[in-house]
Each structure stands twice: as structure tokens, then as C-alpha cells.
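To start, the structure itself, in C-alpha cells.
The values are calculated or read from the model by the stated rules, or taken from the named source; none is laboratory data. What you are looking at is a predicted structure, and each value in this text was computed from that prediction instead of being measured. Methodologically, a virtual Cβ is constructed for each residue, glycine included, from the backbone with ideal geometry; neighbour enumeration extends over all protein chains shown. Ligands, DNA and RNA are stripped out before the accessible areas are found, and what is left, the full protein with its side chains, is counted by its heavy atoms. Shrake-Rupley method; radii C 1.70, N 1.55, O 1.52, S 1.80 Å.
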Amino acid sequence: MSASAVFILDVKGKPLISRNYKGDVAMSEIEHFMPLLLQREEEGALAPLLSHGRVHFLWIKHSNLYLVATTLKNANASLVYSFLYKTVEVFSEYFKELEEESIRDNFVIVYELLDELMDFGFPQTTDSKILQEYITQQGNKLETGKSRVPPTVTNAVSWRSEGIKYKKNEVFIDVIESVNLLVNANGSVLLSEIVGTIKLKVFLSGMPELRLGLNDRVLFELTGRSKNKSVELEDVKFHQCVRLSRFDNDRTISFIPPDGDFELMSYRLSTQVKPLIWIESVIEKFSHSRVEIMVKAKGQFKKQSVANGVEISVPVPSDADSPRFKTSVGSAKYVPEKNIVIWSIKSFPGGKEYLMRAHFGLPSVEKEEEEGRPPIGVKFEIPYFTVSGIQVRYMKIIEKSGYQALPWVRYITQSGDYQLRTS
């Protein structure tokens with residue numbers, strides 16, 4: 001990585017914290033960062049990487065703070081940015097809210113953490129659970145009683161402590177898929193993709209090895225199985241605990257898990273998705289008096305499945321007033337500050353159709369119609385269902401003591417960026 005130094009600046013560019021890891025960049029170089037940033041902003045050429053002479057500034061903004069890494073070399077930029085975002089994550093774990101005040105209140109602990117997060121320009125221990133074993137705080141003060149570094153830091157498995165014990169050994173697996181969809185006014189799907197994550201909640205004693213089996217199409221091809229019920233995963237990203245070489249060889253997802261909650265993997269599928277909740281709307285304007293909106297929603301998923309917490313956001317004219325609603329199910333409310341009607345349906349079974357009618361008064365002097373109308377947005381969550389058809393085929397738990405453990409699997413499909421345009 002070869003980042004020379006890391007700075008945390010306030011919103012005016014004044015350094016709050018600075019940590020020089022290599023000594024090859026003068027600390028005074030940071031004085032050039034804010035003028036350079038403001039100049040590029042004025043020119044409309046602001047970029048996440050700014051250069052002054054031989055010094056490169058790689059920066060991110062979080063709340064009212066700038067986190068800046070400096071380097072003289074052609075560093076691995078993606079690794080530097082990953083480190084900066086990981087630093088934000090660790091500080092947020094410690095201080096709940098990462099902002100100027102929390103940095104000022106915790107100078108000592110911030111320096112301690114920066115010393116452990118990076119050494120000579122290379123990331124070291126970045127897992128907040130492990131850091132909290134030996135960098136602890138009481139109020140705003142560092143607890144100095146624990147000077148012994150836990151063995152976890154020097155272990156090959158730096159994300160899991162030794163000696164963990166549970167009376168009941170269990171693993172909870174959540175397969176969560178978000179559907180991103182954009183439909184035009186003619187009903188054609190312009191964009192559809194599935195973004196999935198597999199999250200684990202681990203309550204296992206000792207140092208178990210887990211093996212997860214999915215209906216992965218590449219695996220099915222390697223083993224000569226039928227591809228009918230398999231899924232082709234794209235852009236797969238794993239937690240650091242997964243043995244990547246093993247996955248590359250035979251598509252086995254093998255790992256020693258962290259304790260508690262973590263995201264094991266994420267994936268994407270660029271596949272044509274049939275809209276799970278289909279929306280049709282008709283808008284009738286009666287000049288200088290009122291507007292009537294009729295919205296029909298249809299569940300286009302399996303009849304045995306139910307969508308929970310459905311919210312349909314319907315745009316209305318900004319000068320509308322005196323709302324009246326009639327719904328076949330659920331309730332509707334007007335949100336004037338957003339110029340939308342939110343139609344809420346607690347439980348929406350597959351195959352069902354529902355109607356909502358809205359009546360609004362309009363001022364006598366009609367406002368000029370803006371070009372285009374915002375799309376209708378839909379939020380929902382369907383439990384026990386994945387739109388891609390991904391399945392957990394097995395979860396093997398191997399631990400030297402030979403205990404029995406129970407894996408529990410839950411599937412959820414939810415809306416991501418789900419929008420339907422109206423004419």
C-alpha cells in the first residue's frame with residue numbers, strides 16, 4: 001500500500017489528528033490539501049485523488065471530517081480507500097458517531113487505534129472486535145491496565161479469538177436479496193438486477209471450520225450435475241476468512257468464522273427479473289379544480305408467499321391540497337413536503353390485486369407543469385423467498401471436540417432501488 005501518513009481534518013481543513021508512518025512526506029504538506037480541494041471544487045474538477053508536486057492526497061469525507069492519506073509512490077489506490085473506509089468503521093464502533101467532537105474527546109484512543117490499524121504504511125489489525133480486546137475505553141479514557149496483546153493479533157486467524165465457549169452451538173444464515181428495477185411508462189423493464197448478501201450469526205465454541213454449499217452453476221458444471229436449479233453468481237466478494245484458493249480450485253466456500261455477526265459474501269445477478277409488485281396508475285386532471293389518481297398494485301410472485309411492509313410512493317402535483325383517499329386494503333397518507341402519497345399495505349399475498357384512489361384539490365391558478373413526473377417507488381420484504389432461486393444446500397461444521405451444531409437458514413427478498421415510471 002505504501003501510504004506515508006494519515007490525517008483527520010475538520011471541515012475547514014485544520015488537522016485534528018496526524019500519524020506519520022514512514023517519514024518520507026513532510027507533515028506540513030497537508031497545508032496544501034484544503035486550498036487544492038477548494039480550487040478543484042470551484043473548477044468543477046473535484047476528484048478523490050489530488051496531487052501537489054510529488055505528494056498525492058487520497059481522501060474521503062465522513063460527516064464533518066476529512067480523512068486523508070498521503071503517498072509519494074504509485075500506491076494501490078483501491079487498498080488505500082478500503083483502509084480509510086475501514087478506519088471510519090472502526091472509529092464508529094468505538095465512538096458510536098464519528099465526528100469532530102468524538103475525535104477531540106478521544107485523542108489518546110484515536111492515536112492508539114491508528115498505531116494498530118497500520119504499520120509502516122501497510123494495514124495491520126483492522127477488525128474492531130479484536131482491537132476491542134486490548135484497546136478499551138471507559139468513558140473517554142483509555143484503560144491502561146491491559147498492556148498484554150491478545151494472541152489473536154499474532155494468529156493466522158486474526159479475526160477470531162481462541163477459547164470461545166457456548167452452551168448451545170448454533171449458526172444462523174440469512175440469505176438476503178435486494179431487487180433493483182426500473183420500468184418505463186410503456187411497461188418495459190429498462191434495468192433489473194439482484195444484489196445478494198449472505199450474513200451469518202455464529203455462536204460456536206472453539207475454532208470450527210465451516211463449509212457452505214450453494215446451488216452454484218459453476219460448481220454444478222464441475223461435478224457434472226444438472227444445471228436446471230443452479231444459479232450463476234457474478235461479482236462475488238468474500239469476507240477475509242474465506243479460503244479463496246479453495247474456492248478457485250473447487251468452488252468450496254470453506255472458512256473459520258468470526259464470532260457473532262458478519263457478512264460472509266455478496267454477489268450480483270444481471271438477470272431479467274419479472275416485477276414482483278406491478279403498479280399501474282391513471283391520473284385525471286380537471287382543469288382549475290381537482291386531480292384524481294387511481295393506482296392498481298398486483299403481486300406477481302408465488303401465491304404461497306406474502307410481501308410484508310409494502311409502501312407505494314405515488315408522486316402528486318406540488319400545488320395539490322385537500323387530500324381524500326379510498327383504498328381496498330391498507331391506508332394512504334399525504335406527505336406534502338415530499339409531494340407524494342404513501343400507500344401502506346401491511347400484508348400483500350402473491351397473486352392479489354388492490355386499488356387506491358386519491359382525490360386532490362387544485363388552486364384556481366394552475367401551476368405550469370414541470371417536464372416529466374417522478375417515478376412511483378415501491379418498498380417491500382418477502383420472507384422465505386429468493387427471486388434468484390439461490391439455495392443453501394448444506395452447512396458442514398467441523399470442530400476437533402466433535403460437538404453437534406445446528407445451522408438455521410432464512411431467505412428474504414426485499415426492494416432495492418425499485419421504481420416504475422408513469423406517463
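Quick check: is even one residue across segment 294-314 within 26 Å of Val202 (Cβ to Cβ) and either open to solvent by 30 Å² or more (accessible area, probe 1.4 Å) or in a loop (DSSP other than H, G, I, E, B) (or both)? Let's see the steps before the verdict.
Kept after step one, since they are within 26 Å of Val202 (Cβ to Cβ), are these residues of segment 294-314: none.
The answer is no, given that none of the residues of segment 294-314 is within 26 Å of Val202 (Cβ to Cβ) and either open to solvent by 30 Å² or more (accessible area, probe 1.4 Å) or in a loop (DSSP other than H, G, I, E, B) (or both).
Within segment 220-249, how many residues turn out to be in a loop (DSSP other than H, G, I, E, B), polar (S, T, N, Q) and modelled with pLDDT of 85 or more?
We begin by selecting, within segment 220-249, every residue in a loop (DSSP other than H, G, I, E, B); these are 223-230, 232-233, 239-241, 243.
Subset that is polar (S, T, N, Q): 223, 226, 228, 230, 240.
Going one step further and asking which of them are modelled with pLDDT of 85 or more, we end up with 240.
Result for segment 220-249: 1.
Which one of these is part of a strand (DSSP E or B) and either without any contact (Cβ under 8 Å) to a residue 60 or more places away in the chain or among the charged types (D, E, K, R) (or both): Ser178, Ser254? Show your work before the answer.
Values: Ser178 fails: either without any contact (Cβ under 8 Å) to a residue 60 or more places away in the chain or among the charged types (D, E, K, R) (or both).
One residue alone meets the criteria, Ser254.
If we scan segment 375-383, do we find a residue that is at pLDDT below 95, open to solvent by 40 Å² or more (accessible area, probe 1.4 Å), more than 17 Å from Gln300 (Cβ to Cβ) and in contact with a strand residue (DSSP E or B) (Cβ under 9 Å, 6 or more places away or on another chain)?
The answer is yes, given that some residue of segment 375-383 is at pLDDT below 95, open to solvent by 40 Å² or more (accessible area, probe 1.4 Å), more than 17 Å from Gln300 (Cβ to Cβ) and in contact with a strand residue (DSSP E or B) (Cβ under 9 Å, 6 or more places away or on another chain).
Please go through segment 2-34 and give me each residue that is β-branched (Val, Ile, Thr), under 29 Å from the mean Cα position of the chain (by Cα) and buried (at least 16 other Cβ atoms within 10 Å of the Cβ), ordered by number. Spell out how you get there, then give the answer.
Initially, segment 2-34 is screened for residues β-branched (Val, Ile, Thr), giving 6, 8, 11, 17, 25, 30.
So of that shortlist, the ones also under 29 Å from the mean Cα position of the chain (by Cα) come out as 6, 8, 11, 17.
Listed by number, the residues that qualify are Val6, Ile8, Ile17.
Do you know which of the residues in segment 35-51 that are of a type in the set (A, V, I, L, M) and part of a strand (DSSP E or B) is surrounded by the most Cβ atoms within 10 Å (Cβ to Cβ)? If you could, list the steps in order and put the result at the bottom.
First, the residues of segment 35-51 that are of a type in the set (A, V, I, L, M): 36-38, 45-47, 49-50.
Checking which are part of a strand (DSSP E or B) leaves us with 49-50.
Details: Leu49: 13, Leu50: 19.
Taking the candidates together, the pick is Leu50.
Tell me the residue from Leu46, Leu84 that is assigned by the TED database to the domain that holds Asp127 and in contact with a Leu (Cβ under 6 Å, 6 or more places away or on another chain), please. Explain how you work it out, then say what you get.
Working: Leu46 fails: in contact with a Leu (Cβ under 6 Å, 6 or more places away or on another chain).
Exactly one of Leu46, Leu84 is assigned by the TED database to the domain that holds Asp127 and in contact with a Leu (Cβ under 6 Å, 6 or more places away or on another chain), namely Leu84.
Out of (1) closer than 16 Å to Pro315 by Cβ; (2) in contact (Cβ under 8 Å) with a residue 40 or more places away in the chain, what's the single condition that is false for Gln272?
(1)
Look at segment 52-109 and say how many of its residues are open to solvent by 30 Å² or more (accessible area, probe 1.4 Å) and part of a helix (DSSP H, G or I).
So the answer is 16.
Tell me yes or no: at least one residue of segment 318-333 is of a type in the set (A, V, I, L, M) and assigned to a loop (DSSP other than H, G, I, E, B). Outline the logic, then answer.
Start the filter on segment 318-333 by keeping residues that are of a type in the set (A, V, I, L, M), which leaves 320, 329, 332.
Cutting the leftovers down to assigned to a loop (DSSP other than H, G, I, E, B) gives us 320, 329.
Scanning segment 318-333 turns up at least one residue that is of a type in the set (A, V, I, L, M) and assigned to a loop (DSSP other than H, G, I, E, B).
Listed here are the residues, each with its yes/no results for (1) of a type outside the set (S, T, N, Q); (2) under 18 Å from Ile397 (Cα atoms); (3) touching a Gly at 6+ places or on another chain (Cβ under 9 Å); (4) without any contact (Cβ under 8 Å) to a residue 60 or more places away in the chain.
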{"residue": "Gly187", "(1), (2), (3), (4)": "yes, no, no, yes"}
{"residue": "Gly196", "(1), (2), (3), (4)": "yes, no, no, no"}
{"residue": "Leu204", "(1), (2), (3), (4)": "yes, yes, no, no"}
{"residue": "Val236", "(1), (2), (3), (4)": "yes, no, no, yes"}
{"residue": "Val242", "(1), (2), (3), (4)": "yes, yes, no, yes"}
{"residue": "Asp248", "(1), (2), (3), (4)": "yes, no, no, yes"}
{"residue": "Pro258", "(1), (2), (3), (4)": "yes, yes, no, no"}
{"residue": "Phe262", "(1), (2), (3), (4)": "yes, yes, no, no"}
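For the subset of segment 402-423 comprising residues that are of a type in the set (Ser, Thr, Tyr) and under 14 Å from Ser313 (Cα atoms), which member is surrounded by the fewest Cβ atoms within 10 Å (Cβ to Cβ)? Give the derivation first.
Initially, segment 402-423 is screened for residues of a type in the set (Ser, Thr, Tyr), giving 403, 411, 413, 415, 418, 422-423.
Filter once more, so that each one left must be under 14 Å from Ser313 (Cα atoms): 415, 418, 422.
On the way: Ser415: 22, Tyr418: 24, Thr422: 20.
Residue satisfying both the conditions and the ranking: Thr422.
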